[in-house]
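Asker: Provided herewith is a single structure, encoded as structure tokens, for subsequent inquiry.
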Amino acid sequence: MKFIAYGLNHTTAPIEVREKYALERDKVFEVLRGLKPKATEGVFLSTCNRVEFYLASETVDDVIEETHKALSSIHRLKPADIKKYFYLYEDSEAFFHLFRVASSLDSMVLGEAQILGQVKDAYEGSKETGMTGVLLNGIFSRAFAAAKKVRSQTDIARMPTNVSSVSVDLAKKIFRSLEEHRFLLLGAGEMSELTAKYLADGGVRGFYIANRTLDKAKTLASRLGGTALSLDEGIKKIAEVDIVLTSLGGGFSLNKADIEKLIKSRGGRSLFIIDVGVPRNIDPEVGKLESVYLYNIDNLSAIADENKGERQKAVEVAESILREEVDKLCSWLMSLELVPTIKRLRDQYESIRQTEYLDFLKQFPHLSDKEKKAIERLTRDITVKVLHDPTVNLKKVESQVDRFEFARMLHEIFSLKDHHESDR
């Protein structure tokens with residue numbers, strides 16, 4: 001069984017490619033189900049900066065082909081056109097990649113906290129649909145533990161940067177004093193909430209929050225001091241504000257003609273639009289309009305990179321921790337193979353035999369050496385004969401079952417312990 005990480009992210013694919021894979025939840029599971037039976041287990045992670053499959057499969061090439069077929073059925077994209085954007089990691093390197101992703105070391109904005117929650121949501125969703133088993137359950141639980149360890153033992157957590165904070169940093173570069181300018185947030189989701197918090201912390205009070213669901217906008221605005229608007233009201237407000245940040249899903253978009261109509265009354269006053277939606281909310285052609293400055297999520301990466309040097313030491317420490325955790329994971333996976341499981345079963349029975357034999361000798365101290373040896377040989381012969389048929393039969397069925405799941409069941413039935421348990 002192979003474990004692979006297959007996908008694309010902000011470093012390998014531009015936003016115009018990534019946004020095609022920004023799938024709704026039901027589509028995610030449709031894609032996953034389409035991979036069976038080539039993938040025995042699978043998790044599909046789709047965020048604004050990455051689209052990744054984490055899969056357990058016996059045939060890597062076949063499951064990759066099946067992956068592109070499943071994606072093509074949704075967007076009618078030719079595999080030959082997009083394969084160049086994808087990367088592939090296998091086994092220990094795939095574990096390390098997943099651990100880096102969960103720990104935010106592979107994020108566009110190093111140290112951002114949202115990615116761990118996104119990975120957990122992707123895993124829980126796959127688990128609920130029956131797409132995970134003993135292998136991925138074990139791998140992902142260790143990925144979450146590793147991420148927690150990185151955040152608690154390194155300076156990564158003390159660098160609270162994310163896309164929202166970078167967006168506000170960009171606004172500060174554009175305008176010297178944010179307090180004197182008006183902001184509009186289109187969307188009331190997590191991204192807008194974080195941005196609104198950063199604006200409020202920076203002293204900005206005059207911002208608007210517009211959303212399809214007005215009640216959600218009102219809840220967020222009342223908590224952070226903004227003004228709630230319906231989505232239609234928010235779109236009209238573009239004619240008045242200085243900076244617009246958009247992060248709406250569900251296919252929302254504004255084209256060049258929409259924005260051109262809205263800015264006619266501005267008298268040539270500059271409008272800055274930061275589009276962090278994936279898919280993008282604003283047509284790239286809007287950036288060609290005079291006095292309109294359009295930035296998308298990929299443009300933010302340059303700003304995020306400015307402080308990367310000072311974080312490099314924390315990254316090195318974090319990666320060292322992750323390498324250790326990957327080694328522990330590999331040890332656990334080896335323990336799930338049937339041969340080590342059979343050996344552990346024999347060792348456990350031998351340990352029981354020795355304990356009982358020594359207890360017996362304490363009760364009968366008068367036995368001669370010859371009698372002791374005879375009793376020891378008898379107990380050892382009994383143990384060997386008890387385990388002989390089960391051992392032979394286990395080897396026979398190894399090729400007929402999922403050996404990881406079968407080994408896990410044996411561990412539970414016989415309460416087998418492995419040397420790695422103390423590390424968990």
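The values are calculated or read from the model by the stated rules, or taken from the named source; none is laboratory data. As the structure is a prediction and not an experimental result, all values here were calculated from the model. Glycine also receives a Cβ, built like all others from the backbone with ideal geometry; neighbour counts cover every protein chain displayed. Just the protein is used for accessible areas: all its heavy atoms, side chains included, with ligands, DNA and RNA removed. Shrake-Rupley method; radii C 1.70, N 1.55, O 1.52, S 1.80 Å.
Asker: Only one of (1) closer than 18 Å to Ile174 by Cβ; (2) assigned to a helix (DSSP H, G or I); (3) not hydrophobic (A, V, I, L, M, F, W, C) fails for Glu290. Which number is that?
Answerer: Here Glu290 clears every test but (2).
Asker: Among the residues in segment 337-348, are any over 31 Å from the mean Cα position of the chain (by Cα), outside any helix (DSSP H, G or I) and not assigned by TED's automatic domain parsing to the domain that holds Leu136?
Answerer: no
Asker: May I ask you to list the residues in segment 4-62 that are acidic (Asp, Glu), open to solvent by less than 20 Å² (accessible area, probe 1.4 Å) and under 22 Å from Asn162 (Cβ atoms)? Outline the logic, then answer.
Answerer: So the first thing to find is which residues in segment 4-62 are acidic (Asp, Glu), and the list is 16, 19, 24, 26, 30, 41, 52, 58, 61-62.
From what's left, open to solvent by less than 20 Å² (accessible area, probe 1.4 Å): 41, 52.
The answer is Glu52, and nothing else.
Asker: Pairs under 7 Å by beta carbon, first residue in the same structural domain as Phe144 (by TED's automatic domain parsing) in segment 93-110, partner open to solvent by 10 Å² or more (accessible area, probe 1.4 Å) and among the aromatic types (Phe, Trp, Tyr), six or more apart or different chains?
Answerer: What qualifies is His97/Tyr89; Ala102/Phe144.
Asker: Would you pick out the residues in segment 25-49 that are of a type outside the set (S, T, N, Q), in contact (Cβ under 8 Å) with a residue 60 or more places away in the chain and closer than 22 Å to Gly117 by Cα?
Answerer: Those that are of a type outside the set (S, T, N, Q), in contact (Cβ under 8 Å) with a residue 60 or more places away in the chain and closer than 22 Å to Gly117 by Cα: Arg25, Val28, Phe29, Leu32, Glu41, Gly42, Val43, Phe44, Leu45, Cys48.
Asker: Next question. Please specify each residue of segment 71-92 satisfying the condition of being touching a residue at least 40 places away in the same chain (Cβ under 8 Å) and either in contact with a strand residue (DSSP E or B) (Cβ under 7 Å, 6 or more places away or on another chain) or surrounded by 14 or more Cβ atoms within 10 Å (Cβ to Cβ) (or both). Working first, answer last.
Answerer: Initial filter on segment 71-92 (touching a residue at least 40 places away in the same chain (Cβ under 8 Å)): 71, 74-75, 77, 82, 85-92.
Scanning segment 71-92 gives Leu71, Ile74, Leu77, Ile82, Tyr85, Phe86, Tyr87, Leu88, Tyr89, Glu90, Asp91, Ser92.
Asker: Determine which member of the set Ala196, Ala188 is part of a loop (DSSP other than H, G, I, E, B), farther than 22 Å from Ser291 by Cβ and outside the structural domain of Met108 (by TED's automatic domain parsing). Show your work before the answer.
Answerer: Values: Ala196 fails: part of a loop (DSSP other than H, G, I, E, B).
The match here is Ala188.
Asker: To continue, here is another question. May I ask you to say which residue of Arg280, Arg212, Arg223, Arg269 is open to solvent by 30 Å² or more (accessible area, probe 1.4 Å), free of Cβ contacts under 8 Å to residues at least 12 places away in the same chain and among the charged types (D, E, K, R)?
Answerer: Working: Arg280 fails: free of Cβ contacts under 8 Å to residues at least 12 places away in the same chain; Arg212 fails: free of Cβ contacts under 8 Å to residues at least 12 places away in the same chain; Arg269 fails: free of Cβ contacts under 8 Å to residues at least 12 places away in the same chain.
Matching residue, one of Arg280, Arg212, Arg223, Arg269: Arg223.
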